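Participant: Just dropping this structure here.
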Amino acid sequence: MNLPPLQPLSAHISAAPQLEPAAMALLAQAGFKSVINNRPDHEGGADQPTSAAIEAAALAAGLTYRHLPVAPGYQSPEEIAKFREFIDALPQPILAFCRTGTRSGKLFQAATSA
């Protein structure tokens, strides 16, 4: 298994499309310390891995894991503030992911532009 293309958002934060639980070990090997999952469970149907499955794999790989499920079309001020909390507090580098990476990128831009 290979990691999908990662989009650097800053020196210590990147975004990616949907990740499988098996990708958590690869992220740890690549030097990441934390993962933020911005995708609601079952958004993509029954084939999408659940947050619980990804969290278990992340923790087994030694990563810090947070789940902040947000809708693709709208991120609330509260969700943006929570994302900012995460990027300020989590060990870096951080990988945030959603279906395509766009939502995570939007959250980062909104959280760091204020």
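All of the numbers you see were taken from the coordinates with simple rules; none came from a lab. As the structure is a computational prediction, the values presented were derived from the model and not from experiment. Glycine also receives a Cβ, built like all others from the backbone with ideal geometry; neighbour counts cover every protein chain displayed.
Participant: Along the Cα-to-C-beta direction of residue 71, a point sits 7 Å from the Cα; which residues of region 96-114 have their amide N less than 17 Å from that point?
Facilitator: Residues passing the 17 Å test: 99, 103-104, 106-107.
Participant: Further question on the same structure: Where nothing but the Cβ of Lys and Arg (+1) and of Asp and Glu (-1) is charged, how large is the charge dipole of the chain around its Cα centre, in debye to the nearest 20?
Facilitator: The calculated dipole for the chain is roughly 240 debye.
Participant: For residue 35, what residues show an amide H to amide H distance below 5 Å, using hydrogens built from the backbone and excluding near sequence neighbours?
Facilitator: 64, 65, 66, 95
Participant: Using Cα pairs under 8 angstrom and six or more residues apart, how large is the relative contact order of the chain, in percent?
Facilitator: Working: 191 pairs, mean separation 42.2, N = 114.
After rounding, I find 37 percent.
Participant: How large is the translational diffusion coefficient of the chain in µm² per second when you combine the Kirkwood radius over alpha carbon pairs with Stokes-Einstein at 10 °C and 1.306 mPa s? Provide the component values of the computation, followed by the final result.
Facilitator: Working: Rh = 13.7 Å.
Calculated translational D: 116 µm²/s.
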